[in-house]
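Read the structure below first, then the notes.
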Amino acid sequence: MSTAVLPDLISAAQTTEEEFLRHIFVRDQMAEWSKQPLVMAKADGVYYWDVQGKRYLDALSGIYVVAVGHSNRKVIDAIRRQLDTLHFSPPMHGTNPVAIQLANLLSELGPDYSPSSPGGEGGVRGDTVSGWTVKFQCGGAEVTEGAIKLARQYHKLTGHPGKYKIISRYQSWHGSTMGSLSASGLKSRRTVNEPLAPGFVHVFPPTCYRCPFGKGYPNCGITCATLIGDVIDMEDPETVAAILVEPIGHTGGIIDPPEEYLPLLRDICDRHNILLMFDEIITGIGRTGNMFAAQTFGVTPDVLCIGKGLSGGYVPLSAMLVRRTIADVFWGPLQQNPGFVEGHTFEGNPVSCAAGIAVLQEILERDLCRNAREQGARLRAGFERLGKKYGVIGELRGKGLFQGIEFVKNPKTKERFTNQFGVLVGRRALQNGLLCRFDPHWIAFGPPLVVTTEQIDDMIAILDRSMGEVLGQM
Ligand SMILES: Cc1ncc(COP(=O)(O)O)c(C=O)c1O
């Protein structure tokens, strides 16, 4: 690789390029990756440049992270100011003003669950207060795992110590730590790490295009949701603590549920005193056209996990929003109540929280949720044009700036390609200067919320060219 940056580093290390790249694990198959190593050197707006100086349109926000664009001055300045003021506060003994401020802001922005809220099911849990209590962490897995612990501890404190099982879905992804991985349903990442933790039950996700029950929406009775009620009956409701779902599943190919699905889950949870927990690590922070997908679907969970876009990728930050009525259970005299027993060294880090505040301010001041809706509509129209042009798109799924394409050889029969068509298209798009998420049968786009109409059109143009080139060689 003749590059602008790597040769200096390689010669300073007095080694060969091959040896130089042997000292890092990446999230790809190593031998495959090292054939054409993607090494990014800088970024600005919605563009990356690799170490060879090649430019890429970022249709993925890195990995659904860079919500307010790369090199965002407001966020960088906020981080610099915070570094000069307080870069770390003692997590075992207290917190800091920035973390408190961000918690209050998130509480205000969190979905409404008052009895009078539009589409709100307020009061079902006997909510006597409104707002959210926030627990900060660094990454997605830390908060989904923390949410699992919160559900178990909540039931113990409220007289239901036998409630410990977590219901989640096949094909889902909640993170790489042992607890979050045990909740995840992605075979390829689970099997290699088994045995996983006990206490997790998996159900089928709402993949309407390929219904696991052989039914067709809307005449299906939303079996994928109602069956979860049956599973709970079989498991014994007194053993079930929570249902954990992504409002729109990512892995598995952008699994966008029918509108009845999440309200049905809400009902099931309320009937059985089970916490409904949304993993909004991807869908949160404006991505689906509202601050949270809970608002897009009009269903308020009991616990809402966010990460990725919350800090825009400038520093690690994630958070768990907990309904006040549930969080308040953790208040109480020490003899009866140890509080929420969960923590990590870097939780509520002031620099991370300063970035979070700056990102949320950018989203609010620039009305980026509206931009996500508008550019999402343009993206969808572009995908539809490609569907008509090439005849290999089975279904388009997702909302706002979180959308995916399922490729099929034959849209009438839904027959799949046998050549990993999605991977071929994704790799070709990379060669052509476009970063998107790709899998054997689908690809997904999740550009920064600041993306413009022209940039969406450029993304579609590169995808168009890439699909044409791959099909032309088949
Ligand atoms: C929906 C979802 N939940 C949780 C996670 C885990 O987040 P992290 O990788 O920050 O631990 C991810 C990561 O991709 C995710 O997509």
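Each value in this text was obtained by applying a stated rule to the coordinates, not by laboratory testing. For clarity, every value in this text was computed on a predicted model and none was experimentally measured. For neighbour counting, all protein chains shown are included, and Cβ atoms are generated from backbone atoms with ideal geometry for every residue, glycine included.
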Practice task
Treating cross-link reach as a plain straight distance, find the aspartates and glutamates whose alpha-carbon is under 14 Å from the alpha-carbon of Lys35, omitting any fewer than eight places away in the same chain.
Solution key: Glu17, Glu18, Glu19
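Test of understanding: given the chain, find the longest segment containing no trypsin sites (Lys or Arg not before Pro) that are in a DSSP loop and have at most 11 other Cβ atoms within 10 Å. Don't skip to the end; give the middle numbers.
Working: sites that count: Arg27, Lys412.
Longest stretch, sites excluded: 28-411.
So which DSSP H runs in the chain come out at 27 Å plus along the axis (Cα) with average Kyte-Doolittle of at least -1.0? Write down the numbers at each step before the final one.
Working: long enough: 368-390 (32 Å, -1.07); 453-472 (28 Å, 0.15).
Once both thresholds are applied, what remains is 453-472.
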Handout entry: Least to most buried among Cys353, Cys220 (fewest other Cβ within 10 Å first)
Key = Cys220, Cys353
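How large is the Rg to Rh ratio of the range 249-391 when both quantities use alpha carbon positions and Rh follows Kirkwood?
Details: Rg = 18.4 Å, Rh = 17.7 Å.
Across the range 249-391, the Cα-based Rg/Rh ratio is 1.04.
Grab the beta carbon distance between Glu259 and Asp367, set R0 = 22 Å, and tell me the FRET efficiency rounded to 0.05. Mind showing how you got there, number by number?
Numbers: r = 25 Å, r/R0 = 1.14.
My answer for the efficiency is 0.30.
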Exercise for the section: Obtain the nm distance between the two label points defined at Glu384 and Met92 by a simple spin-label model: each point lies 7 Å from its Cα along the Cα-to-C-beta direction. Expected result: 5.9 nm
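Of all the Cα-Cα pairs you can form in the range 248-317, what percent are over 18 Å apart? Mind dumping the intermediate values first?
Numbers: 979 of 2415 pairs.
Value for the range 248-317: 41 percent of Cα pairs lie more than 18 Å apart.
Based on the Cβ-Cβ distance of Val192 and Gln101, what FRET efficiency does E = 1/(1 + (r/R0)^6) give at R0 = 56 Å, to the nearest 0.05? Please list the in-between numbers first.
Values: r = 42 Å, r/R0 = 0.74.
Computed FRET efficiency for Val192 and Gln101: 0.85.
Over the chain, what is the mean sequence separation of C-alpha contacts under 8 Å (at least six apart), divided by residue count, expressed as relative contact order in percent? Walk me through the numbers before you get to the answer.
Details: 899 pairs, mean separation 94.0, N = 474.
Relative contact order, the chain: 20 percent.
In Å³ and rounded to a whole number, note down the convex hull volume per residue for the Cα atoms of the range 330-447. Let's see the in-between values first.
Numbers: hull volume 25.8 nm³, N = 118.
So the per-residue Cα hull volume is 218 Å³.
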Handout entry: Rotationally averaged projected area of the chain (alpha carbon convex hull; nm²)
Key = 24.1 nm²
Problem - the range 157-189 and the range 244-288: distance between their alpha carbon centers, rounded to Å - result: 14 Å
